[in-house]
Amino acid sequence: MTTKITWYGHATIGVETSDGYKVLIDPFFTDNPAASTTADSVSPDFIVISHGHGDHVGDAIAIAKRTGALVISNYEITNWLSGQGVEKVHPQHLGGGFKHPFGYLKLTLALHGSALPDGSYGGNPAGILLTTNDGHKLYFAQDTGLFGDMALIGEEGIDLAMLPIGDNFTMGPDDALRAVKLIHPKHVIPIHYNTWPLIAQDPNAWAERVKAETDTQVHVLNPGDVFTL
Ligand code: NI
Ligand code: MN
């Protein structure tokens, strides 16, 4: 039973479950200097959007219209997407979970903003906690600062956490290391760095610190790489 995680660069993540569902998180390809592929080349069954910023909503509208994928996000963002002509949406909100065909998806706290690309109100930003049907628990923190309640997320028993390390807009390496210590995931993958000079980081230096100070296995990916759980 394997779950395939593809990091497309920045905070764009594909999850392919062992039962064959393709879930695409924060699909930012166009104008993403780190993207490993294009919006036209992905064909998700589901799209999940963590918050309203342009580098997370990204190509969601175009991909949803082309593929008919169901888009899951907070209530404000799904309403906005409906107004943009996206036909299939599923609103959730922070703390709320729902059993989708691909697994149980819960939106978690995130400390960030969420204005949509046209300035519309995008509700509260979220992290994403996904329990696949074969029991893998995946935490996609997406854009957030460090918060102590990451320990509550960790209590769920996280197999894989994907955490931002870019600093400036999100946690930097120091706080991301503290996050690993709060969450205690089996595996961690850094994201949201080196897309632009403003969030330039050395992921291998961070990985060395994770190895030295925690029991978590750290995996530094290149955009387009697949990690299998
Ligand atoms: Ni953001
Ligand atoms: Mn971002």
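The values are calculated or read from the model by the stated rules, or taken from the named source; none is laboratory data. Please read these numbers as outputs of a predicted model, since none were measured by experiment. All Cβ positions, even for glycine, are placed from backbone atoms using ideal geometry, and neighbour counts span all protein chains on display. To get the accessible areas, we keep the full protein, side chains included, count just its heavy atoms, and leave off ligands, DNA and RNA. Shrake-Rupley method; radii C 1.70, N 1.55, O 1.52, S 1.80 Å.
Summary of values
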quantity: Accessible area (Å², 1.4 Å probe, nearest 10) - Glu16; calculated: 70 Å²
quantity: Reachable aspartates and glutamates, given that their alpha-carbon falls under 17 Å from the alpha-carbon of Lys22 and they are not under 8 places away in the same chain; calculated: Asp40, Asp45, Asp59, Asp134, Asp225
quantity: Positive-pole candidate from Thr2, His56, Gly123, dipole of the chain, charges at beta carbon; calculated: Thr2
quantity: In order through the stretch 104-118: 3J(HN,Hα) via Karplus (6.51 cos²θ - 1.76 cosθ + 1.60), integer Hz, x for Gly, Pro; calculated: 9, 10, 10, 8, 10, 4, 8, 9, 5, x, 7, 4, 7, x, 8
quantity: Accessible area of the stretch 4-218 divided out per residue, in Å², using a probe of 1.4 angstrom; calculated: 38 Å²
quantity: Dipole magnitude (debye, nearest 20) for the stretch 141-216, charges at Cβ of Lys, Arg, Asp, Glu; calculated: 140 debye
quantity: Portion, in percent, of the accessible area of the chain that falls on carbon or sulfur, probe 1.4 Å; calculated: 50 percent
quantity: Computed over the stretch 16-148, Kirkwood Rh from alpha-carbon pairs, angstrom; calculated: 14.8 Å
quantity: Between helix 173-183 and the chain: long-axis angle, C-alpha atoms, 0 to 90°, nearest 10; calculated: 90 degrees
quantity: Rounded to the nearest 20 debye, dipole of the stretch 4-218 from Cβ charges on Lys, Arg, Asp, Glu; calculated: 360 debye
quantity: Gyration tensor (alpha-carbon) shape descriptor, the stretch 108-164, a/c threshold 1.5; calculated: prolate
quantity: Karplus (6.51, -1.76, 1.60) ³J(HN,Hα), θ = phi - 60°, over the stretch 198-210, in Hz, Gly and Pro reported as x; calculated: 4, 10, 5, 8, 9, x, 6, 5, 5, 4, 4, 5, 4
quantity: Vicinal HN-Hα couplings computed from phi for the stretch 147-162 (Karplus, 6.51 cos²θ - 1.76 cosθ + 1.60; Hz; Gly/Pro x); calculated: 9, x, 6, 4, 4, 5, 5, x, 4, 6, x, 8, 6, 9, 10, 10
quantity: Of all DSSP beta bridges in the chain, antiparallel share, percent nearest 5; calculated: 55 percent
quantity: DSSP-loop chymotrypsin sites (Phe, Trp or Tyr not before Pro) across the stretch 123-200, with at most 10 other Cβ within 10 angstrom; calculated: none
quantity: Pairs of alpha carbons in the chain whose separation is greater than 26 Å (percent); calculated: 28 percent
quantity: Most fluctuating residue given options Gly58, Gly157, Gly20, as computed from a GNM of the chain linking Cα atoms under 10 Å; calculated: Gly20
quantity: Mean separation of Cα contacts under 8 Å (6+ apart) over length of the chain, as relative contact order %; calculated: 18 percent
